[in-house]
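Below: the structure, in structure tokens.
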Amino acid sequence: MRITRSGVCHSDLHIWDGYFDLGGGKRFYVKERGCIPPFTLGHEPFGVVEALGPSVSKLDKKIKVGQKRLIYPWIGCGKCAVCKGGQDNYCVSGSRFLGVNRPGAYSTHVLVPDAKYLLDTKGIDDAFASTLACSAVTVYSAINKLPKLGPKDAVAILGCGGLGLIAISVLRAKGMKNIIGCDIDEAKLATALKQGATSTVNTRAPDAAQKLAGIAAAVDLVGAPATAALGIGALRKGGRYVICGLFGGELTHPLPPIAQRAIGIQGSYVGNLQELKEVVALAKRKKLKPSPIETRPADQANAALEDLKAGRVLGRIVLNFETIQ
């Protein structure tokens with residue numbers, strides 16, 4: 001696949017730094033999972049079919065050289081029970097995640113082992129399509145893990161960056177009416193309202209916990225001790241907190257109230273291939289409102305990461321590899 005667009009994701013920063021913060025002075029170093037420098041980042045790949053292996057050309061006549069395709073990057077071993085069950089993203093036997101433990105999409109080309117990982121996104125803007133492979137499918141999968149919600153139930157989105165803004169779109173597409181955007185940045189909160197949030201809360205405000213009290217669910221797209229404490233503490237009885245942010249730290253929470261309040265605490269990691277197909281279908285039907293996207297030339301990848309790290313990005317940055325001569 002010849003890469004034409006590649007989204008820039010906050011988790012790229014952790015790989016760039018070389019570790020994830022586990023809290024208490026502990027770190028998980030990415031080299032322990034095969035991500036050893038020099039390493040190519042990028043797990044939101046979109047491109048053009050440039051060449052076919054012999055088995056592909058024989059088995060899948062629908063894939064042809066020159067076709068534009070979104071690439072599902074969470075590629076498993078294809079052999080373990082998890083992969084055979086359609087959960088490549090949870091592979092336990094030898095995952096081949098692009099930009100995570102295999103060379104990624106900050107590049108001119110990537111290799112894809114099976115045509116099933118290529119999705120037709122005709123009718124969707126190329127830059128927006130690339131972000132579906134991580135940001136959109138990640139929040140879609142997290143939202144799928146929420147309990148059945150009533151029409152008046154409130155869902156808090158903790159973090160209104162690239163993931164949070166598209167999460168608001170996904171919730172709207174699923175019919176949710178009461179969506180609370182939460183962040184520490186007033187510009188991001190204003191964008192959350194434009195994206196479809198019903199209301200917003202600045203989580204640094206002294207009354208933030210009071211304003212969120214009684215929510216049915218929280219989706220934490222930051223993943224920091226402060227957001228976890230706020231989201232879990234605000235849940236009503238029977239509520240659920242889903243975390244997929246990787247900012248870092250550790251969670252300390254008393255055990256009895258988890259049972260007494262019957263709350264759920266669940267992790268969610270990206271999404272499976274079927275979920276990405278469903279996300280693409282929503283986008284094709286114009287059910288997903290794109291979050292703000294800034295397209296930059298691919299040679300500005302380092303500057304994009306620096307801006308993301310400094311909190312200067314509103315929405316998503318997508319690298320354009322067609323500008324490379």
Per the filter on region 229-270, residues over 23 Å from the mean Cα position of the chain (by Cα), hydrophobic (A, V, I, L, M, F, W, C) and surrounded by fewer than 22 Cβ atoms within 10 Å (Cβ to Cβ) are LEU255, ILE258, ALA259, ALA262, ILE263
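Among the residues of region 1-35, what is the count of those that are assigned to a loop (DSSP other than H, G, I, E, B), more than 16 Å from TRP74 (Cβ to Cβ) and touching a helix residue (DSSP H, G or I) at 6+ places or on another chain (Cβ under 8 Å)? Lay out the reasoning, then the answer.
Taking region 1-35 and keeping what is assigned to a loop (DSSP other than H, G, I, E, B), we get 1, 9, 18, 24-25, 34-35.
Checking which are more than 16 Å from TRP74 (Cβ to Cβ) leaves us with 18, 24-25.
If we keep only those that are touching a helix residue (DSSP H, G or I) at 6+ places or on another chain (Cβ under 8 Å) as well, we get 18.
Qualifying residue count for the region: 1.
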State the number of residues belonging to region 86-120 that are open to solvent by less than 40 Å² (accessible area, probe 1.4 Å), free of Cβ contacts under 8 Å to residues at least 60 places away in the same chain and touching a Cys at 6+ places or on another chain (Cβ under 9 Å).
-> 4
State all residues of region 27-51 that are in contact (Cβ under 8 Å) with a residue 40 or more places away in the chain and open to solvent by 20 Å² or more (accessible area, probe 1.4 Å); if no residue qualifies, say none.
-> ARG33, GLY34, PHE39, THR40, GLU50
Complete set of residues in region 281-302 that are open to solvent by 50 Å² or more (accessible area, probe 1.4 Å) and assigned to a helix (DSSP H, G or I) = LYS284, ASP299, GLN300, ASN302
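Can LYS188 be described as open to solvent by 10 Å² or more (accessible area, probe 1.4 Å), closer than 18 Å to ILE293 by Cα and basic (Lys, Arg)?
Details: open to solvent by 10 Å² or more (accessible area, probe 1.4 Å): yes; closer than 18 Å to ILE293 by Cα: yes; basic (Lys, Arg): yes.
So LYS188 fits the description; yes.
Among the candidates LEU70, LEU41, LEU52, which residue alone is on the phi < 0 side of the Ramachandran plot and outside any loop (DSSP other than H, G, I, E, B)? Step through it out loud before you land on a result.
Numbers: LEU41 fails: outside any loop (DSSP other than H, G, I, E, B); LEU52 fails: outside any loop (DSSP other than H, G, I, E, B).
Among LEU70, LEU41, LEU52, only LEU70 is on the phi < 0 side of the Ramachandran plot and outside any loop (DSSP other than H, G, I, E, B).
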LYS152 passes all but one of (1) of a type outside the set (Gly, Ala, Ser); (2) open to solvent by 50 Å² or more (accessible area, probe 1.4 Å); (3) modelled with pLDDT of 95 or more; which number fails?
-> (3)
Within region 200-223, residues out of contact with any Phe, Trp or Tyr (no Cβ under 6 Å at 6 or more places or on another chain), over 22 Å from LYS148 (Cβ atoms) and either surrounded by 21 or more Cβ atoms within 10 Å (Cβ to Cβ) or of a type outside the set (A, V, I, L, M, F, W, C) (or both) come out as THR200, VAL201, ASN202, THR203, ARG204, PRO206, ASP207, GLN210, LYS211
Any chance region 54-69 includes a residue that's in contact with a helix residue (DSSP H, G or I) (Cβ under 6 Å, 6 or more places away or on another chain), closer than 20 Å to LEU163 by Cβ and surrounded by 14 or more Cβ atoms within 10 Å (Cβ to Cβ)?
-> no
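The values are calculated or read from the model by the stated rules, or taken from the named source; none is laboratory data. Only a predicted model underlies this, so the values are computations on that prediction, with no experimental measurement involved. Note that each Cβ is placed from the backbone with ideal geometry, even for glycine, and that neighbours are counted across all protein chains shown. Quick note on the areas: whole protein, heavy atoms, side chains included, nothing else; ligands and nucleic acids left out. Shrake-Rupley method; radii C 1.70, N 1.55, O 1.52, S 1.80 Å.
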